[in-house]
Amino acid sequence: MAGGAVVSTGPVKVYPGKMTPYVLFICFVAASGGLIFGYDIGISGGVTSMPPFLRKFFPSVYHKMQEDKNHTNQYCTFDSPKLTMFTSSLYLAALVSSFFASWMTRRFGRKITMFMGGLVFLVGAAINGAAVDVAMLIIGRILLGVGVGFANQSVPLYLSEMAPANYRGFLNIGFQLMITLGILAANLINYGTDKIKGGWGWRVSLAGAAVPALIITVGAVFLADTPNSLIERNPDNPEKAKSMLRRIRGTDDIDEEYRDLVIASIESSKVEHPWRNILSRKYRPQLVMAILIPFFQQLTGINVIMFYAPVLFKTIGFKNNGPLVSAVITGCVNVLATFVSIFTVDKFGRRLLFLEGGSQMLICQIAVGTLIAIKFGVTGVADISKSYAYLVVFFICAYVAGFAWSWGPLGWLVPSEIFPLEIRSAGQSINVSVNMLFTFLIAQVFLTMLCHMKFGLFYFFAFWVICMTGFVYWFLPETKNVPIEEVVLVWKKHWFWSKFISEDDISKGFELHSNGGAPKSIV
């Protein structure tokens, strides 16, 4: 059984077509939906380390910061449930909204869902920028969360459906690239606004979320819906979907791909209750992946770094603007490393990046935990040198790089490409909601965990990295270059998941092919 983890997908269909400038453009516009998610991730940690912001909304944390650091437990300085609720409330709202977004994505299409997400996020940014108390902050954060839930539900699906099979990874990871650019932009803005005299720079940081919101809101107006969605919602108007398929593939030879999309739509139309059907035995492999991949993605510990990078760096001994500078550095690493994934994922595949990235993150988590343990011990009291702090930053950056070319982009790519059309919106909703649930939980408890577990927290995340890397090795098949409507056949070839998919489940598709005159099969 040891060799069973390496799965060959066998021969696959290769549809005519190419990467067209139009597809590149619309996928770039759609991927900009990741900016709102990334901007929020980056901005939260920055403003929560700004003294004027803390003094106004979280005075107890502010007073802790003012104490003599040489006599203060650095692990517990920022331990405040109210402060972490400010950060994590967004993700709870995103979790709930993703279920509504699933219905909207299937009923009205991907582009409308993106538009609504950007619009709601825009309102939340305005409220946060004008906040006068914690309640107003939380209301704004909840609206931001609704926007994130809608965008994270619709954008990965849009990208996977628009992209040619052999460029699906390349284009889909554009979403993660935009997330990293949003994080970097937020870190740079925080660095600049922290210098504003008068103590109102945090308002600029929070209100600045309106910019990425406007980009996706306006951009969505000019997007076309995917052929998959057009067929699913307008089965009586085939020419509209055919015309779009010709345009995005750059060829008139679209009959076979169109026929396969129609077959998927026919199967989809038979499913009245996708939330009930997704629990069927034949969808067990996809359901497990939609739950465990986002679960593991959050337990890499990445959001601990990205949410609280300024706070974390201040905790390990950086002074003055050091935390924000270090956050900018990690943001740059995040962006650059994402390009590695963009240009390798369709060549080397998803599994290799998952496995290499997991190994790299494991080494770095252990190194960071050990370095902090040596200096801070269990008391949390220490004054470390710049060279020692830079060593910690190095391993954190190496950790961020490993995440940025593996679990970061692939955590969104793989779930968006493995579900058949009839349950695709429901599957993506599960992916988003699990992601947001554990993002919320980790954001809410991280500072308390840091206070109580101290350096052991990094070993805690290292343990989970071991688990997730083993999971990928044994249970995740390779999906590169497989047409999105035929990924289901990959599971039938897997040593473990094949037992959940019967021959009848596969043969139904071929009966439809035969009735529709499709000449080729990939089985």
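The values are calculated or read from the model by the stated rules, or taken from the named source; none is laboratory data. Just so you know, these numbers come straight off a predicted model, no measurement behind them. Cβ placement follows ideal geometry from the backbone for every residue including glycine, while neighbour counts extend to all protein chains displayed. Surface accessibility is based on the protein's heavy atoms, side chains included, excluding ligands, DNA and RNA. Shrake-Rupley method; radii C 1.70, N 1.55, O 1.52, S 1.80 Å.
Scanning the range 239-255 for residues that are in a helix (DSSP H, G or I), surrounded by 19 or more Cβ atoms within 10 Å (Cβ to Cβ) and in contact (Cβ under 8 Å) with a residue 40 or more places away in the chain gives 248, 249. In the condition set (1) out of contact with any helix residue (DSSP H, G or I) (no Cβ under 9 Å at 6 or more places or on another chain); (2) free of Cβ contacts under 8 Å to residues at least 24 places away in the same chain; (3) not in a loop (DSSP other than H, G, I, E, B), residue 236 is compliant with all but (3). When 147, 140, 199, 208 are checked against the criterion of being closer than 30 Å to residue 21 by Cβ, of a type in the set (Gly, Ala, Ser) and in contact (Cβ under 8 Å) with a residue 24 or more places away in the chain, a single residue qualifies: 147. In the range 404-446, the qualifying residues are those that are in a helix (DSSP H, G or I), open to solvent by less than 10 Å² (accessible area, probe 1.4 Å) and of a type in the set (Val, Ile, Thr), and the one that is farthest from residue 98 (Cα to Cα) is 414. Being within 25 Å of residue 261 (Cβ to Cβ) and aromatic (Phe, Trp, Tyr) is a description that does not apply to residue 464. Before we move on, is residue 226 under 22 Å from residue 483 (Cβ atoms), open to solvent by less than 20 Å² (accessible area, probe 1.4 Å) and either in contact with a Phe, Trp or Tyr (Cβ under 8 Å, 6 or more places away or on another chain) or in contact (Cβ under 8 Å) with a residue 40 or more places away in the chain (or both)? The answer is yes for residue 226.
Counting just the residues of the range 28-71 that are open to solvent by 10 Å² or more (accessible area, probe 1.4 Å) and among the charged types (D, E, K, R), which one comes out modelled with the lowest pLDDT? Across the range 28-71, the extreme among qualifying residues is 68.
For the range 158-202, a residue qualifies if it is over 24 Å from the mean Cα position of the chain (by Cα) and of a type outside the set (A, V, I, L, M), and the qualifying residues are 191, 192, 193, 194, 195, 197, 198, 199, 200, 201, 202. The set of residues from the range 272-301 being over 16 Å from residue 418 (Cα atoms), open to solvent by 20 Å² or more (accessible area, probe 1.4 Å) and outside any helix (DSSP H, G or I) comprises 272, 273. Residues that are surrounded by fewer than 24 Cβ atoms within 10 Å (Cβ to Cβ) and either without any contact (Cβ under 8 Å) to a residue 40 or more places away in the chain or not small (Gly, Ala, Ser) (or both) were ranked within the range 87-105; the one that is farthest from residue 431 (Cα to Cα) is 104.
Matching residues to (1) modelled with pLDDT of 95 or more; (2) part of a loop (DSSP other than H, G, I, E, B); (3) surrounded by fewer than 16 Cβ atoms within 10 Å (Cβ to Cβ); (4) β-branched (Val, Ile, Thr):
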site: 351; (1), (2), (3), (4): yes, no, no, no
site: 359; (1), (2), (3), (4): yes, no, yes, no
site: 379; (1), (2), (3), (4): no, yes, yes, yes
site: 382; (1), (2), (3), (4): no, yes, no, no
site: 402; (1), (2), (3), (4): yes, no, no, no
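For residue 260, the conditions (1) at pLDDT 90 or above; (2) open to solvent by less than 50 Å² (accessible area, probe 1.4 Å) are fulfilled apart from (1). Within the range 477-492, the set of residues being at pLDDT below 90 and part of a loop (DSSP other than H, G, I, E, B) comprises 481, 482, 483, 487.
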